[in-house]
1. Determine the pairs where a residue that is under 29 Å from residue 348 (Cα atoms), located within segment 36-48, has a partner that is among the hydroxyl-bearing types (Ser, Thr, Tyr) and part of a strand (DSSP E or B) with Cβ atoms under 6 Å apart, the partner being 6 or more residues away or on another chain.
2. Under the condition of being in contact (Cβ under 8 Å) with a residue 40 or more places away in the chain and assigned to a loop (DSSP other than H, G, I, E, B), which residue from segment 244-258 is surrounded by the fewest Cβ atoms within 10 Å (Cβ to Cβ)?
3. Tell me which residues, restricted to segment 49-66, are among the aromatic types (Phe, Trp, Tyr) and either modelled with pLDDT of 65 or more or farther than 15 Å from residue 327 by Cα (or both).
4. Given the conditions (1) in contact (Cβ under 8 Å) with a residue 40 or more places away in the chain; (2) within 19 Å of residue 287 (Cα to Cα), report the number of the one that residue 220 does not fulfil.
5. Residue 354 versus (1) at pLDDT 95 or above; (2) within 27 Å of residue 94 (Cβ to Cβ); (3) touching a Gly at 6+ places or on another chain (Cβ under 9 Å): which is the lone unmet condition?
6. Filter segment 316-344 down to the residues that are among the β-branched types (Val, Ile, Thr) and in a loop (DSSP other than H, G, I, E, B), then identify the one that is farthest from residue 283 (Cα to Cα).
7. Of the conditions (1) under 21 Å from residue 341 (Cα atoms); (2) touching a strand residue (DSSP E or B) at 6+ places or on another chain (Cβ under 8 Å); (3) not in a helix (DSSP H, G or I), residue 285 fails just one. Which one is it?
8. Consider segment 353-397. How many of its residues are buried (at least 24 other Cβ atoms within 10 Å of the Cβ) and part of a loop (DSSP other than H, G, I, E, B)?
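The values are calculated or read from the model by the stated rules, or taken from the named source; none is laboratory data. Remember, predicted model here, so these are calculated numbers, not experimental data. Glycine also receives a Cβ, built like all others from the backbone with ideal geometry; neighbour counts cover every protein chain displayed.
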Amino acid sequence: MSNPPLGKLSAITSILTLPGLSTTGQGVGAILVGIVIDNSEITWGTCEDIPANDLPDFQSPFLVDEGIATIKESVVPFLIGQKLTSFRPLATVIESLRETVTISKPKPRSEKRSQGISRRAIITGFLSTSEPEAAPALVEQITVERPIHPTIRHGLSQALASAVARVRGLTVAEVIAEEFELPLPSTAVPLQMPIQRGQSLLIHDQVSALAYTVGGTDPEDSIGPDGQQIQHFIRQLQERLVESGQHGQITIHLDAGGNLGRLYGNDAGKVLGALYGLEQAASPCLIRVQDPLIMDDLDAQIKALSQLRDYLRMRRMSLQLVAGAKIHTLDDVRAIARAEAAHMLHLVIPRLGTIQELVLAIQACQSYGVGILLEGTSSTFTAQIALATQPDILTYPLDRPGDGGVATFHDEMARTLAWLAKKESSLYRGRQEIQE
């Protein structure tokens with residue numbers, strides 16, 4: 001295929017979709033989506049979900065076959081022919097698209113007026129030894145219109161950002177920085193490495209935090225009847241860091257998954273006591289605790305975390321709270337950041353939708369002085385986004401221990417920064433020659 005004539009604006013000529021393998025270990029698969037540029041080049045994005053435990057009612061699980069059908073029916077007609085001059089208008093198109101689906105919904109029961117109780121019913125009711133059988137739940141099929149799945153929005157925006165970068169001869173980090181008026185990156189983002197119990201620790205110089213996730217929903221099993229089990233683990237980890245001389249630069253990140261709240265009935269005072277014990281166990285290392293409790297909805301979650309943060313201030317504790325639960329949309333991020341309910345927000349890249357939605361979420365946190373823990377699949381694209389937006393720390397999924405993601409993130413950031421420095425140096429020399 002020949003390249004487009006000089007001066008012609010490059011455009012999307014077709015879109016490819018095919019099923020792929022997921023790297024998240026969740027077994028849900030992935031969608032590979034390709035943006036064909038002028039019938040001569042192609043850039044790829046990956047629609048890969050990192051499933052949430054608290055999936056919101058308005059969002060269905062990510063399914064590969066349904067996702068491919070959605071792209072073909074609801075996306076392709078709107079993208080074919082679009083010019084690849086800038087990224088944000090294309091992201092806005094993706095965010096505006098809707099899909100029409102049929103879903104199952106519990107049907108409200110119609111309450112029948114009591115016509116009185118017969119003498120026979122009273123007698124048989126008293127003599128009956130079994131509970132009355134519950135009527136089967138009624139389900140109705142309804143047709144709804146909703147935004148396309150955030151994982152699909154994100155994968156499409158990956159491919160589109162890469163296409164714009166290809167056409168303009170830039171890195172994805174440069175495209176994001178330019179279009180969101182961010183400074184060009186000059187430093188790498190600190191990295192967090194997930195670990196598991198019993199793992200030998202080989203900590204790279206680029207790692208600034210170790211993350212452990214409490215598994216399960218039975219707190220007596222996962223953290224101990226009085227929380228001593230998890231304190232013991234944190235103390236052991238702290239001792240290993242002190243022995244290696246790395247306690248000054250490594251932060252311990254504990255994803256509690258709401259288990260402290262479950263153990264203590266969401267009693268803020270008792271949860272505070274457990275947090276104090278964890279801080280003492282980690283000292284002299286700094287410790288962050290994510291989702292010590294998880295409430296039923298976002299408003300309740302903000303209220304509970306805000307109360308805990310107030311208690312931490314009163315006790316002058318150094319432990320930091322991280323909010324990760326109940327974050328599904330840009331509006332959720334803004335609500336938590338505005339309330340300053342936590343020291344840091346854990347943002348999972350595919351869950352928020354397009355790169356544009358993600359960048360706006362990061363900027364919302366930064367505007368309120370709230371820290372950002374950015375999580376994405378261990379891909380080079382995630383590293384490009386992190387470089388451009390400069391979150392406080394970058395991680396790959398916490399349930400995937402090991403250092404493979406560290407190498408991927410580090411190497412991609414190093415390559416990109418070296419290239420940007422080279423371009424800036426060449427530009428500087430060019431200016432000097434012109435002046436001479």
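1. Note: pairs meeting the criteria are 36/13; 36/14.
2. 244
3. Of segment 49-66, the ones among the aromatic types (Phe, Trp, Tyr) are 58, 62.
Matches in segment 49-66: 62 only.
4. Condition (2) is where residue 220 drops out.
5. In the conditions (1) at pLDDT 95 or above; (2) within 27 Å of residue 94 (Cβ to Cβ); (3) touching a Gly at 6+ places or on another chain (Cβ under 9 Å), residue 354 misses (3) alone.
6. The initial filter retains those residues of segment 316-344 that are among the β-branched types (Val, Ile, Thr), namely 322, 327, 329, 333, 336.
Then keep just the ones that are in a loop (DSSP other than H, G, I, E, B); that gives 327, 329.
Numbers: 327: 30, 329: 35 Å.
Filtering first and then ranking leaves 329.
7. (1)
8. 4
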